[in-house]
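Enquirer: One structure coming up, written as structure tokens, with questions to follow.
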Amino acid sequence: MFENLTERLNQAFSRLKGRGKLSEADIDRALREVRLALLEADVNYRVVKDFVARVKERALGQEVMESLTPAQQVIKIVHEELIRTLGDKASPLDLSGPTPLAIVLVGLQGSGKTTTAAKLARFLKRRGRNPYLVAADIYRPAAIEQLKTLGQSLGLPVFEPQPGQSPPEIARLAMVQAKATGRDIAIIDTAGRLHIDEALMEELKAIKEATSPKEILLVADAMTGQDAVNMAKAFDEAVGITGVILTKMEGDARGGAALSIRAVTGKPIKFLGTGEKLEALEIFAPDRIANRILGMGDILSLIEKAQETFDQKKALELQEKLRREAFTLEDLRDQIRQIKKMGPLNQLLSLIPGMSKIKNLDSLGVDGKEFSRMEAIINSMTPEERRNPRILNASRKRRIARGSGTSVQDVNRLLKNFAQMQKMLKRVKKKGLRGLPFGPGTFPF
């Protein structure tokens, strides 16, 4: 997420660092690179122009010119103006008023509305609400079945339309059913089109009239850049959207849509879709996104992911095992599974301050695919072998390698790294983190 933009901006700022004083020419050169970086990231031209003008006006003022660390002051100004461009603060869903209330998801075909409906339902369920999924897309083959499958995985009911019912009628009847069954939020998955047309907009207007929704959220593919911005304008003019959910952000290295939508349309981005899994939905927080863009990481989001993923009871059990030095391969497997639930490893590392500046994370011994290999190897062991790897002789290792689809060398590497990990844990217990080596071989994977 934002990798290309982050790299370009860091290059621009690196030329300012180490200077005791900055001239107007120095600032102009740096801002010229910032302007190019933003335009290459597919940020709207007018947004770039206004952003650079605001930064320049402040950078030529006293807070930079008289500062002992002028480069840091310029970066601070850019950071603050990025937050302003992104929308200042997070915009939560409006869930006030009598229930059931409706949230209508709109957008073009292929933007990920159906999956996003399920993600949003999961998000609300985990916050104590009782969502009701409504399948109002009667045109796309298997759309209703897809939503039913997603609903079952979440343990949530799905309103299924009857043959011949129109989307507005489906939405109206779903609201009646939601009230009758004690559901407080109806999430309505509407049909998309390959392009914006009058028929689509008229149908959405009818759904809006039938449900009086608290939120109309545009689901847009982040990788389409300015097309997503133009689509947001068109949907807002036609049906009046209240916010945007940008999907497929994990594949967007530029970030043009995220940086442009609020400034161009005046509508907030409320969520980011960061993967295919149902838990891959993040609240859009402008200050945290600005941190990521500038390579400052996002520790708060990392902590929230960990809190949502890790089982508190298991964490306490693990803590006790570490205290007794009883950490086994079974415990390592449990930790691998928990980490995998948090998302792709490269995404997690990008949330750690400074990690985005490391171009070759492989030099640290970090490989996301290695998690799957490790888990397969541990699964191929017997419970006794997992608890006591010292009994693993050559014959057992060959059996484990065959069962996991790996090699004996892979098995040996896992056992060696696990032994190093146990030594490291003992050192931490005795001396804390001081003096702990970091570098190749530090990580047990």
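Enquirer: Using a 10 Å cut-off around each Cβ, can you sort His195, His79 from fewest to most neighbouring Cβ atoms?
Expert: His195, His79
Enquirer: Give the whole-number value, in cubic angstrom per residue, of the convex hull volume spanned by the C-alpha atoms of region 1-147.
Expert: So the per-residue Cα hull volume is 173 Å³.
Enquirer: My understanding is that a pair violates if its Cα-Cα distance is over 24 Å; which of Lys277/Lys416; Lys17/Lys89; Lys233/Lys270; Lys179/Lys270; Lys205/Lys277 do that in this structure?
Expert: From the list (Lys277/Lys416; Lys17/Lys89; Lys233/Lys270; Lys179/Lys270; Lys205/Lys277), the Cα-Cα distance tops 24 Å for Lys277/Lys416; Lys17/Lys89; Lys179/Lys270; Lys205/Lys277.
Enquirer: Got the relative contact order for region 101-296 handy, in percent, Cα pairs under 8 Å and 6 or more residues apart?
Expert: 25 percent
Enquirer: Would you kindly calculate the mean projected area, averaged across all directions, of the convex hull enclosing the Cα atoms of region 106-237, in square nanometres?
Expert: Approximately 7.9 nm², given one-decimal rounding.
Enquirer: Something else now. Can you sort Val52, Val74, Val408, Val244 by how many other beta carbons sit within 10 Å, fewest first?
Expert: In order of increasing Cβ crowding within 10 Å: Val408, Val52, Val74, Val244.
Enquirer: Rounded to two decimals, what is Rg over Rh for region 170-302 when you use alpha-carbon atoms and the Kirkwood radius?
Expert: Here the Rg-to-Rh quotient is 1.00.
Enquirer: Rounded to whole Å and sorted largest first, what semi-axes of the equivalent ellipsoid does the C-alpha gyration tensor of region 3-86 yield via the square root of 5 times each eigenvalue?
Expert: With the √(5λ) rule applied to region 3-86, the semi-axes are 20, 14, 11 Å.
Enquirer: Further question on the same structure: Arranged by the count of other C-beta atoms within 10 angstrom, fewest first, what order do Ile187, Ile196 take?
Expert: Ile196, Ile187
A short reminder: the numbers here are calculations on the coordinates, not readings from a lab. None of the values given here were measured: they were computed from a predicted structure. Neighbour counts run over all protein chains shown; Cβ positions are idealised from the backbone, glycine included.
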